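Just below is one structure, and these are the notes that go with it.
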Amino acid sequence: MRTLRALMQIGLIVGILGPLLGHAQQPALHVNEREVYEVAAQLRCVVCQNLSVADSPSEMANQMRAIIRERLATGDRPPQIIEYFVEKYGEWVLLSPRPRGFTLLVWVAPFVAVTLGLALVAVRLRRWTRGRPTRASMTRPAIEASMSERIRRELETEP
């Protein structure tokens, strides 16, 4: 009976002090959830593939968000965390490609296309507005002297 009572007291002490000691040993994780979301929004979920880690409901995305939260709590900066995932999964994990090498074409091509399109529209518009001759700018064909004399005489004879 005494042994049972002693075991119950030890269990009670461990039950009360255990969680308190466990929380005291773990560092307090004070991470801004907005910062976690901003980092997670830049990464592709490896399960869903068409969603960011921030928007994906998959368990893998939950684990990736937990890793982001932990790394932010330990003092890593967002670029360091993103680089960690790039090293682990490759450039594919980034939702928007980095502007270097072949992917630079992805960043530059739209601006070049828009510039060329605007230039083409400007040239066509200029030709369209300038291309039509006005009545005043049309040159009259030369009239022969005999024809001119005949027209003058007819105009004078008319009442």
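The values are calculated or read from the model by the stated rules, or taken from the named source; none is laboratory data. Just so it is clear, the structure is predicted and the values come from calculations on it, not from any experiment. Please note: Cβ atoms are built from the backbone with ideal geometry, for glycine as well, and neighbour counts cover all protein chains shown.
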Please go through region 78-92 and pick out each residue that is over 16 Å from Tyr37 (Cα atoms), in contact (Cβ under 8 Å) with a residue 12 or more places away in the chain and among the hydrophobic types (A, V, I, L, M, F, W, C). Trp92
Return a yes/no flag: does region 85-98 have any residue that is modelled with pLDDT under 80 and among the β-branched types (Val, Ile, Thr). no
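Residue by residue, here is whether (1) modelled with pLDDT of 85 or more; (2) exposed (fewer than 12 other Cβ atoms within 10 Å of the Cβ); (3) in contact with a Phe, Trp or Tyr (Cβ under 8 Å, 6 or more places away or on another chain); (4) part of a helix (DSSP H, G or I) holds:
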residue	(1), (2), (3), (4)
Asp55	yes, no, no, no
Leu104	no, no, no, yes
Phe111	yes, yes, no, yes
Thr115	yes, yes, no, yes
Ala122	yes, yes, no, yes
Pro133	no, yes, no, no
Within the group Arg71, Arg100, which residue is over 16 Å from Val39 (Cα atoms) and not polar (S, T, N, Q)? Arg100
